[in-house]
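One structure below.
The values are calculated or read from the model by the stated rules, or taken from the named source; none is laboratory data. This structure is a prediction, so every number in the text was calculated from the model and none was measured. As a convention, Cβ positions derive from the backbone with ideal geometry for all residues, glycine included, and neighbour counts pool all protein chains shown.
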Amino acid sequence: MRKSSIFISFILGCTLTLGLAFLDALFQKAGDLPLLRQEIKVVETLQLTDFCLATEARHTRHPSQSDWHSPFQSHPGALDHFPSGAIIQPPERIIKGHELPR
Amino acid sequence: MSYLVNKQRNILDFALSSLLRRKGKNLALVAVYTLVVFALASVMFFAAALKKEASLVLSATPELIVQKMVAGRHDLIPMSYAEKIRKIRGVTAVEGRLWGYYYDPLVRANYTLLVNEKTALPEKTIAVGAGIARVRSAYRGSTMNFSSYEGKPMLFQVRGILSQESELLSADLILLSATDFRRLFGVPEDYATDLTVQVRNKKEVATVAAKIQQMLPDTRPILRDEIIRTYEAVFDWRAGIVIVVLLGALLAFLIFAWDKAAGLSAEERREIGILKAIGWETSDVLQLKFWEGLTVSLTAFLLGTIFAYVHVFLAAAPLFATVIKGWSILYPNFRLTPFLNVFQIAVLFFFTVVPYTVATIIPSWRAATIDPDQVMRT
Amino acid sequence: MIELQHIFKIFNAGKPNEHVAVEDVSLTIEAAKITVLRGPSGSGKTTLLSVLGCMARPTSGRILLQNREVTSLPSRFRTEIRRKTFGFIFQQYHLLQGISVLENVMLPAYPNGDSFAQLKQQAEKLLDLFGLLPKAASKVEWLSGGEAQRTAIARALVNNPAVIIADEPTAHLDTKLSRELMEIVAKFKAEGKTILIASHDPIVHESPVVDQVVDMRDGKLMDSGAA
């Protein structure tokens with residue numbers, strides 16, 4: 001067999017596998033839809049605001065609900081987003097807060 | 001047409017033969033290259049899936065939350081504020097939320113205690129998240145002891161375990177009745193942790209927030225939009241950190257690949273001369289180099305992307321999960337729903353395949369324009 | 001028929017290290033004949049061959065290939081002429097290391113874009129002709145000197161060129177292999193190919209199959225005559 005034939009088959013095989021990954025993603029998504037709906041329902045009923053990803057401190061358990069002055073908050077108007085806060089200024093919109101235009 | 005295809009396949013044949021001559025070195029290159037693509041793609045897939053999940057799931061979060069601030073810190077909000085807010089035009093409902101944290105020294109974990117009127121739990125009973133059930137070995141009917149704000153023990157019976165499927169949101173939750181919550185934490189009757197506000201017209205949420213801010217200057221409204229954006233920023237930044245950590249390795253690879261792709265050895269120069277002498281055109285030589293570069297980079301791109309998919313969505317990302325998801329004692333078990341799109345793949349392709357291929361061709365340019373008769377003279 | 005008219009090839013023209021490699025050479029090479037360029041090393045034989053084979057442009061002068069002027073053609077066309085009209089056998093063979101004998105022979109035909117099966121058949125036929133078929137899959141560095149030379153010849157023939165140019169083909173061969181080479185060359189002549197050899201080896205220019213010997217010295221033609 002020609003080397004190029006082997007290589008082209010290999011590349012086609014890989015592309016096909018990648019296609020299968022896309023297909024798998026679709027199937028998994030379809031399979032997870034009830035679960036996602038359930039999650040959305042939990043959020044709605046319990047009026048949750050945050051993921052339960054880091055439960056140790058309030059500014060990590062509820063990053064969206066933390067104080068104006070929490071350890072890694074760059075600006076009182078900004079929601080904490082460690083560690084970006086230490087490096088980058090929060091967007092203008094957030095800094096301005098919710099005052100009515102004067 | 002078939003002339004062009006034949007020609008390119010012939011050149012590809014030779015490019016492969018040529019690469020196979022330095023089998024060990026080129027395989028090592030493909031392996032490292034694959035690893036780099038794998039790392040980048042894993043981070044990208046993972047962060048994108050988390051962001052998508054956040055925006056999807058948190059789309060049901062209250063559209064407006066009002067906190068009271070005292071000296072810059074979150075404080076209990078008087079229910080009288082709810083009355084004032086209810087009078088603002090466009091507001092359909094205002095509810096007080098009761099929630100807080102409880103540190104359990106037994107397992108050294110933080111719980112989130114939450115009152116939910118709809119769940120209607122009788123007094124002295126609780127429903128716990130699956131994560132708590134795990135660390136405390138709790139089951140329906142078992143009891144859990146809490147210490148109230150006055151230091152008095154309070155015994156609760158577990159009435160239910162929250163579904164495992166929503167662990168991403170509820171692993172550390174404890175649901176209890178409002179009476180028990182107030183008793184446990186000493187929250188006065190006419191106070192709430194914060195208020196959720198429902199607005200009739202979604203477009204007016206920002207205006208309502210501004211009005212609340214004006215009317216009650218010691219409050220801070222939080223919009224749903226901001227929450228979702230916070231999560232996007234969090235995951236973007238976490239992915240960014242992984243990339244920064246990988247940057248050293250990435251640069252090292254870049255130097256290696258550049259040296260490999262761009263540095264033409266005397267031997268390679270001689271070969272280009274021979275090819276020209278036996279009748280190859282400059283463009284044929286460049287096509288050869290194009291195929292050499294593409295062979296390596298396309299292989300690495302495809303393998304790396306496939307491995308990344310398997311790693312992130314079939315094996316739950318054992319390598320990067322903690323950095324991107326965060327950590328905690330009460331860590332939720334959850335499986336990410338894959339969200340792949342063509343755009344991601346295209347970005348990855350342009351950042352991995354194209355630079356390498358170009359780096360292979362450019363340095364050959366000069367070598368490929370040498371006079372073929374130089375071969376005769378050596 | 002190839003006609004050279006007042007060919008000059010000057011390297012580093014106008015610089016202190018200027019070197020006149022070929023000086024005012026006019027020569028006619030008959031088709032289907034064997035012509036030998038004879039001369040000591042540095043006499044300009046190799047330079048003349050590369051100018052003649054469309055590898056390098058002369059500094060001045062004209063080359064007519066079958067009455068077609070080729071010196072002023074754009075390099076793309078010159079490459080195509082070189083590939084299709086000339087087959088080169090280099091002094092050092094210049095085979096590509098690490099590549100199989102078969103692929104080395106097929107290489108000059110790759111840019112033609114002919115069908116692979118056809119091309120492979122043609123290359124195998126040539127290898128068979130030179131008794132190299134059993135070695136087709138071996139890498140060229142495993143070949144003996146004679147086998148390498150025959151591989152180089154097979155490569156020169158793969159595009160079925162009308163003219164074969166060989167630069168010192170016997171330089172690395174013993175007497176027996178050199179005589180074998182001349183037999184092969186004689187076969188080409190019988191097939192109607194034009195052969196041009198640069199050599200100062202008596203086995204070559206004293207061979208009875210040679211039709212014309214051209215003597216060169218210091219880039220100039222001495223005299224010419226039938227061998």
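So the values come out like this:
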item: Hits in the range A:21-44 (condition: more than 20 Å from the chain's Cα centre (by Cα) and surrounded by 13 or more Cβ atoms within 10 Å (Cβ to Cβ)); result: A:21, A:24
item: Selection count, the range C:140-176, where residues are within 13 Å of chain B (Cβ to nearest Cβ) and farther than 14 Å from residue C:87 by Cβ; result: 3
item: Test set (1) free of Cβ contacts under 8 Å to residues at least 24 places away in the same chain; (2) within 14 Å of chain C (Cβ to nearest Cβ) - residue B:272 fails condition number; result: (1)
item: Among (1) more than 28 Å from residue B:9 (Cβ to Cβ); (2) within 8 Å of chain B (Cβ to nearest Cβ); (3) of a type in the set (Gly, Ala, Ser) - the single one residue A:4 does not satisfy; result: (1)
item: Pair list, Cβ < 9 Å and 6+ apart or interchain, from the range B:100-115 residues that are at the interface with another protein chain (Cβ under 7 Å from one of its Cβ atoms) and without any contact (Cβ under 8 Å) to a residue 60 or more places away in the chain to residues that are in a strand (DSSP E or B) and aromatic (Phe, Trp, Tyr); result: B:101/B:111
item: Any chance residue B:2 is of a type in the set (Gly, Ala, Ser), out of contact with any Asp or Glu (no Cβ under 7 Å at 6 or more places or on another chain) and within 14 Å of chain C (Cβ to nearest Cβ); result: yes
item: Filtered residues of the range B:74-105 (kept if in contact with a Gly (Cβ under 9 Å, 6 or more places away or on another chain), within 15 Å of residue B:208 (Cβ to Cβ) and surrounded by fewer than 17 Cβ atoms within 10 Å (Cβ to Cβ)); result: none
item: Residues of the range C:149-199 classified as in a loop (DSSP other than H, G, I, E, B), of a type in the set (Asp, Glu) and in contact (Cβ under 8 Å) with a residue 60 or more places away in the chain, total; result: 1
item: Count of residues meeting criterion [part of a helix (DSSP H, G or I), more than 10 Å from chain B (Cβ to nearest Cβ) and closer than 18 Å to residue B:278 by Cβ] in the range C:100-139; result: 8
item: Any hit, the range C:26-48, residues being under 13 Å from the mean Cα position of the chain (by Cα), at positive phi and part of a loop (DSSP other than H, G, I, E, B); result: no
item: Scan of the range B:259-290 for residues that are more than 21 Å from residue C:78 (Cα to Cα) and either crowded, with 24+ Cβ neighbours inside 10 Å or among the small types (Gly, Ala, Ser) (or both), ordered by number; result: B:261, B:262, B:263, B:265, B:266, B:289
item: The range B:139-161, subset in contact (Cβ under 8 Å) with a residue 24 or more places away in the chain and more than 36 Å from the chain's Cα centre (by Cα), residue surrounded by the most Cβ atoms within 10 Å (Cβ to Cβ); result: B:156
item: Any pair with Cβ under 6 angstrom, 6 or more apart, that starts in the range B:118-138 at a residue that is more than 17 Å from residue B:105 (Cβ to Cβ) and ends at one that is surrounded by fewer than 18 Cβ atoms within 10 Å (Cβ to Cβ) and of a type in the set (Ser, Thr, Tyr); result: B:118/A:45; B:123/B:179
item: Residue in the range B:174-192 that is assigned by TED's automatic domain parsing to the domain that holds residue B:208, free of Cβ contacts under 8 Å to residues at least 24 places away in the same chain and in contact with a Lys or Arg (Cβ under 8 Å, 6 or more places away or on another chain) present; result: yes
